[in-house]
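K.L.:
Pasting in a structure now, in structure tokens, and then I'll have a few things to ask.
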Amino acid sequence: MILCITLVVASAALTHFSVRSAQGWLKKVLFALALSLLGAAFAFGDELGGFWPGVYVLLSVYFLTTVVTPWLVFFWRGLNDR
């Protein structure tokens, strides 16, 4: 279960980094790596109570993490500027 959640959070962080910060071929590589991590999390998602409950939990964590990461970056940069 921890592995699935960790894979999803890493996938969301890589998605955020590939969309916001990366350029050129690195953007494509990071996005492909993020999608493969998300696919691996779905493959292990049966541990969360079956396929569909696992998918719903993992997608919820993925979307929550992709929504929260820009705010974390914003606050992190704000703390470094002080």
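K.L.:
Which one, (i) 45, 11, 4; (ii) 40, 12, 8; (iii) 26, 16, 8, gives semi-axes √(5λ) of the Cα gyration tensor in Å as derived from the coordinates shown?
P.N.:
Recomputing semi-axes √(5λ) of the Cα gyration tensor in Å here gives the entry labelled (iii).
K.L.:
To the nearest 10 degrees, how steep is helix 2-20 against the longest Cα principal axis of the chain, on a 0 to 90 scale?
P.N.:
It works out to around 40 degrees.
K.L.:
Counting helices only, and only those DSSP H runs with n ≥ 4, report the 222 nm mean residue ellipticity of the chain as the sum of -39,500 (n - 2.57) divided by its residues, in deg cm²/dmol to the nearest 500.
P.N.:
-29500 deg cm²/dmol
K.L.:
Note the angle between two axes, namely the Cα long axis of helix 51-81 and the longest principal axis of the Cα atoms of the chain, as a number of degrees from 0 to 90, rounded to the nearest 10.
P.N.:
Helix 51-81 sits at roughly 10 degrees to that axis.
K.L.:
Under 5 Å between amide H atoms, partner at least 5 residues away or on a different chain: which partners does Phe44 have, H built in plane at 1.01 Å?
P.N.:
Placed amide hydrogens put nothing under 5 Å from Phe44.
None of the figures in this text is laboratory data; all of them are computed from the coordinates on show. Predicted model, so just to flag it, every value in this text is computed and none were measured.
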